[in-house]
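The values are calculated or read from the model by the stated rules, or taken from the named source; none is laboratory data. Note that the coordinates shown come from a computational prediction; the quantities given were computed from them, not determined experimentally. When we count neighbours, we look across all protein chains shown, and the Cβ atoms used for this are built from the backbone with ideal geometry, even at glycine.
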Number of protein chains: 2
Amino acid sequence: MSQISELKKSDTKRDGKKTQDDIVYAHIFDAILEQRLSPGTKLNEESLGEIFGVSRTIIRRALSRLGYEQVVVLRPNRGAVVACPSIEEARQIVFARRVVEKAVMELVCDNAQKKQLEQLRQMVRDEQACFDRGDRGAGIRLSGEFHLLLAEIANNPPLLSFQRSLVSLCSLIIAQYESGAKSHCSYDEHFELIDAIAGKDKPRAVSLMMHHLDHIEEKLSLDDEIATDDLKAIFSHVRNPR
Amino acid sequence: MSQISELKKSDTKRDGKKTQDDIVYAHIFDAILEQRLSPGTKLNEESLGEIFGVSRTIIRRALSRLGYEQVVVLRPNRGAVVACPSIEEARQIVFARRVVEKAVMELVCDNAQKKQLEQLRQMVRDEQACFDRGDRGAGIRLSGEFHLLLAEIANNPPLLSFQRSLVSLCSLIIAQYESGAKSHCSYDEHFELIDAIAGKDKPRAVSLMMHHLDHIEEKLSLDDEIATDDLKAIFSHVRNPR
DNA sequence: CATGCTATAATTGTATACAAAAAAGTCAAC
DNA sequence: GTTGACTTTTTTGTATACAATTATAGCATG
């Protein structure tokens, strides 16, 4: 509908060296992380093309990349929709995240430099500021980026790339299943994590992280039982990839 | 150069429902797994298009998917090459694989059905047969697929998709650094793994798997020191993404 | 008025044309 | 014969046109 900026070349918004599909990808990714795009939303190629002022070619690339990351589901001949993980899938995603986050925490405890600890603290302060001023969207995104920064400090690119996918999937899950208005991933816990890292206390760091992930999973268990009159939710266990 | 089959529609080779870029992707993926494509090989879009009888559009999709899995490196404006992991990157990849394989083995010990154990055994027998008859390429591919089947049995799609990327990267590493003619991933060890799984002996299964991965890593250490007159290898630690 | 069929519109899949960038080749100067 | 500027060729990036597929609307029938 409304063209947001006709990004084209010389787009200073983010970096300038990135190619166009990177920019489109990042915009959609952020929209999902900030929960401005809800699970199940259809992503029409032509509409997105008009919005970003590029051809479908570029949109298609961005969507397939999001598709690899499982953040959107690409249904052959039927277009892309924002992923809508079932409760079972959500559990599998959280499990995978436990596996990765454990490894990341151990690496971070070994590798973290003082400068990086300060970077982490600054990010959590920003996150806190967002929630304080009521900007929940940006807060949620920064919360996710905190976990990505951890994976970056762990200094293992394959794990980082996997983590990127898992973090955005978790954001989707939260968007779908978070019941109350409670902060889904409190910054207090993030500060505690940083302290454990600073003290190179691996067991504590890992245990805090697992506890952190328990919070997400608890919400799944709760919502597992509540009744709903939403057909889509009721039949969400019916795998319908096509 | 030579068109291999003009796949187009009604291609019965693999499945028939898969889309064209899936087929191209699978062909290139297999070629890498079978080490018919060596690290560093340039992947020209037009040539590949002629080979598979499709347009660059399809090739491009397949290459970006491989790029997402880090199996090929996409250099902006300079095309795609088969990834050529440095020793450090190789270590990071093997580390990530330890993390995933450990989780996979634990899940498999919990979940594996008798039928699936038999599937695993059959696959290793096939692998053995390949090596016995001297078809090293197919043997290596089946060896990789054994690990993918494990991840499938673990029943965690995100982990499986990550494993897919890691297994092919490991195959690349082996292609690059394997010195002797020794089997890189002996089927004996695979049979032992299956026995541990059948006995639901998690600690043993995990320990066998770690040992299995040690073999790959050992080769890195060895090759780390040997001299070479190959410029590309000598400067392989120089990160040159563009 | 619900159901099923047909025609039409909308959307995705693929090929191709052209623009932009990089690589390779040419040739002069030292 | 090596170096460096310039030209040509090749290759990649993007837009667009058309084909194939799916969704929608209209209409007839029970």
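The table below lists the values:
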{"item": "Selected residue (only one of B:168, B:161 is within 14 Å of another protein chain (Cβ to nearest Cβ), in contact (Cβ under 8 Å) with a residue 40 or more places away in the chain and in a helix (DSSP H, G or I))", "result": "B:168"}
{"item": "Among (1) out of contact with any His (no Cβ under 8 Å at 6 or more places or on another chain); (2) aliphatic (A, V, I, L, M); (3) touching a residue at least 60 places away in the same chain (Cβ under 8 Å); (4) farther than 28 Å from residue B:160 by Cβ - the single one residue A:129 does not satisfy", "result": "(3)"}
{"item": "Test: residue in region A:92-110 that is over 21 Å from the mean Cα position of the chain (by Cα), not polar (S, T, N, Q) and not assigned by TED's automatic domain parsing to the domain that holds residue A:175", "result": "no"}
{"item": "Some residue of region A:32-43 being more than 10 Å from chain B (Cβ to nearest Cβ), within 10 Å of DNA strand D (Cβ to nearest atom), part of a loop (DSSP other than H, G, I, E, B) and not small (Gly, Ala, Ser)", "result": "no"}
{"item": "Scan of region A:129-158 for residues that are modelled with pLDDT under 95 and of a type in the set (D, E, K, R), ordered by number", "result": "A:132, A:133, A:135, A:136, A:141, A:145"}
{"item": "Members of region A:26-53 that are of a type outside the set (A, V, I, L, M) and under 13 Å from the mean Cα position of the chain (by Cα)", "result": "A:27, A:29, A:30, A:34, A:35, A:36, A:38, A:39"}
{"item": "Subset of region B:96-111 that is of a type in the set (A, V, I, L, M, F, W, C) and at the interface with another protein chain (Cβ under 10 Å from one of its Cβ atoms) - its residue that is nearest to residue B:190 (Cα to Cα)", "result": "B:104"}
{"item": "Residue within region A:73-82 that is more than 14 Å from chain B (Cβ to nearest Cβ), in contact with a His (Cβ under 6 Å, 6 or more places away or on another chain) and surrounded by 18 or more Cβ atoms within 10 Å (Cβ to Cβ) present", "result": "no"}
{"item": "Subset of region A:46-70 that is in a loop (DSSP other than H, G, I, E, B) and more than 30 Å from residue A:217 (Cβ to Cβ) - its residue that is farthest from DNA strand D (Cβ to nearest atom)", "result": "A:53"}
{"item": "Residues within region A:23-48 that are farther than 13 Å from residue A:83 by Cβ, within 16 Å of DNA strand C (Cβ to nearest atom) and surrounded by 18 or more Cβ atoms within 10 Å (Cβ to Cβ), tallied", "result": "3"}
{"item": "Selection within region B:145-165 - under 8 Å from the mean Cα position of the chain (by Cα) and either buried (at least 24 other Cβ atoms within 10 Å of the Cβ) or hydroxyl-bearing (Ser, Thr, Tyr) (or both)", "result": "B:165"}
{"item": "Odd one out for residue A:77 among (1) in a helix (DSSP H, G or I); (2) within 16 Å of DNA strand C (Cβ to nearest atom)", "result": "(1)"}
{"item": "Test: residue in region B:71-86 that is touching a residue at least 12 places away in the same chain (Cβ under 8 Å), touching a Phe, Trp or Tyr at 6+ places or on another chain (Cβ under 6 Å) and more than 29 Å from residue B:218 (Cβ to Cβ)", "result": "no"}
{"item": "Residue A:68, sole failed condition from (1) of a type in the set (Phe, Trp, Tyr); (2) modelled with pLDDT of 95 or more; (3) within 16 Å of DNA strand C (Cβ to nearest atom)", "result": "(2)"}
{"item": "Enumeration of residues in region A:54-66 that are more than 9 Å from chain B (Cβ to nearest Cβ) and either over 21 Å from the mean Cα position of the chain (by Cα) or of a type in the set (Gly, Ala, Ser) (or both)", "result": "A:54, A:55, A:56, A:58, A:62"}
{"item": "For residue A:92: the one exception among (1) within 16 Å of DNA strand D (Cβ to nearest atom); (2) in a helix (DSSP H, G or I)", "result": "(1)"}
{"item": "Among (1) modelled with pLDDT of 90 or more; (2) within 14 Å of DNA strand C (Cβ to nearest atom); (3) in contact with a helix residue (DSSP H, G or I) (Cβ under 8 Å, 6 or more places away or on another chain) - the single one residue B:3 does not satisfy", "result": "(1)"}
